[in-house]
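Notes follow once the structure below has been shown.
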Amino acid sequence: MSPLRHGRRFLADRAGGAAVEAALALPIAFVFILGIFQLGWGIFLGSDVRHAIERAARAYIVTPTTTDQAFQSAVAANLMAAKINDVTLTISKSTSSGTQLARIAWTYRYTLQIPFVAPVVLNFDSQIIAPVRSP
Amino acid sequence: MTNTNLLSRWLQDRSGAAAVELALVTPMLAVVLAGIATYAPELDKVHKMREAVSSGGLYVMTGVTDPTAIRNLALQAWTGRSDSDSITVTQWCACGGASGSCNTLCADNTVPRAYTQISAASRYTGVAGVQSLSAQQTVRTR
């Protein structure tokens, strides 16, 4: 059999079509599924950071002598899965109607790692104001 | 060729099946993607609103009773707030289960309990249209 006829027979052969289709579709399906997992995990980490900061902010009320350093350590200790190095905390103090306030502005970055897709960075940011009780 | 013949031939025809499948699946995928694109920023907005309300709640816990000061603090703590977003502070007293005056003793001579509630209201416009968002926190102050 000549190579040309061999090629024609191969092209005309319909066997294994489903396997070829699966080979084409599965990587795309995996990208979707892993992307959804990654996005869900990223949103969870954002909530983790938010919760850790909200909990730590209470230290300013309970223990008025809390230093910013101690606050940052408390945030790190409260985190369940997020890395403290990806969290940026900016603490500024001010006084309003005789009450000292600690404004904690924060940002958190998480990079989604999805196969075959360029890295997507999720940026979370918010702030909370905690009153510091006079000692 | 009769119509029945034509229909049965059409039903048996397997060509273009992939295109039909794609036409069925694509709208569903588009809805999922539109949902993610809509609800992710909405969730972020709700969280920021809640943090503003929490900040107001913490402020109340230190003994501040001035509703304007509480409202202003919550507004300051609201990241990405738009002009139409609002904070409302309401204060009331209660005797037992019923509401009562803050300045007189309850019928059983106990001091009425006092509450301060901070409510936030916002709107979010996404694929699903305009949605009302709200968050509130009540602090018992006495």
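Only the coordinates and a few stated rules stand behind these numbers; no lab work does. Model, not experiment: these values are computed from the prediction. Glycine also receives a Cβ, built like all others from the backbone with ideal geometry; neighbour counts cover every protein chain displayed.
So, in nm, how far is label A:LEU4 from label A:SER97 when the simple model puts each one 7 Å beyond its Cα toward the Cβ?
The answer from the label model is 9.3 nm.
What does the net charge come to around B:VAL60 if you take all other residues with beta carbon closer than 12 Å to its beta carbon, with K and R at +1 and D and E at -1?
Values: positive: B:ARG71, B:ARG140, B:ARG142; negative: B:ASP66.
That works out to +2.
Applying a 10 Å radius around every beta-carbon, put B:5-11, A:83-89 in order of their mean neighbour count, most first. All intermediate terms of the calculation are to be shown ahead of the outcome.
On the way: B:5-11: 9.4, A:83-89: 14.4.
My ranking of the peptides, most packed first, is A:83-89, B:5-11.
Label points 7 Å out from Cα along the Cβ direction at B:ALA107 and A:ASN123: separation in nm?
6.0 nm
Take every residue in peptide A:122-133, count the Cβ atoms of other chains within 10 Å of its Cβ, and give the average of those counts. Let's see the in-between values first.
Working: counts 2, 1, 3, 4, 11, 9, 9, 12, 6, 9, 1, 3.
If you average over the peptide's residues, the count of other-chain Cβ atoms is 6.
What is the packing order of peptides B:14-20, A:123-129, taking the mean over residues of other C-beta atoms within 10 Å and listing the highest first?
Values: B:14-20: 8.4, A:123-129: 20.3.
Highest mean packing first, the order is A:123-129, B:14-20.
In deg cm²/dmol and to the nearest 500, what is the mean residue ellipticity at 222 nm of the protein assembly as shown if only DSSP H runs of at least 4 residues count, each as -39500 (n - 2.57), divided by the residue total? Provide the component values of the computation, followed by the final result.
Numbers: 6 runs with 132 residues, N = 277.
Rounded to the nearest 500, the figure is -16500 deg cm²/dmol.
Taking 2.2 N^0.38 Å as the expected size of a compact globular protein, what ratio does the Cα radius of gyration of chain B give against it, to two decimals?
Numbers: Rg = 27.9 Å, N = 142, 2.2 N^0.38 = 14.5 Å.
My calculation over the Cα atoms of chain B gives 1.93.
So what's the angle, to the nearest 10 degrees on a 0 to 90 scale, between helix B:67-76 and the longest Cα principal axis of chain B?
40 degrees
Report the label-to-label distance for B:ALA121 and B:ALA94 in nanometres (one decimal), using points 7 Å from each Cα along the Cα→Cβ vector.
2.2 nm
What per residue convex hull volume, in Å³, comes out for the protein assembly as shown when only alpha-carbon positions are used? Present the calculation step by step, with values, prior to reporting the outcome.
On the way: hull volume 69.3 nm³, N = 277.
Considering the Cα atoms of the protein assembly as shown, their hull volume per residue is 250 Å³.
With r defined as the distance between the Cβ atoms of B:SER82 and A:ARG133 and R0 fixed at 30 Å, what FRET efficiency is calculated, to the nearest 0.05?
On the way: r = 32 Å, r/R0 = 1.08.
Rounded to the nearest 0.05, the efficiency is 0.40.
Compute the FRET efficiency between A:LEU11 and B:SER15 as 1/(1 + (r/R0)^6), taking r as their Cβ-Cβ distance and R0 = 22 Å, and round to the nearest 0.05. Intermediate values should be presented prior to the final figure.
Details: r = 17 Å, r/R0 = 0.77.
Once rounded, the FRET efficiency stands at 0.85.
Would you compute the Debye intensity of chain A from its alpha-carbon atoms alone, equal scatterers and no solvent, and pass along log10 I(q)/I(0) at q = 0.21, 0.22 Å⁻¹ to two decimals?
-1.14, -1.20
For a label point 7 angstrom out from the Cα of B:THR65 toward its Cβ, which stretches of the stretch B:120-142 have the backbone nitrogen within less than 14 Å?
Only B:140-142 fall inside the zone, counting backbone N under 14 Å.
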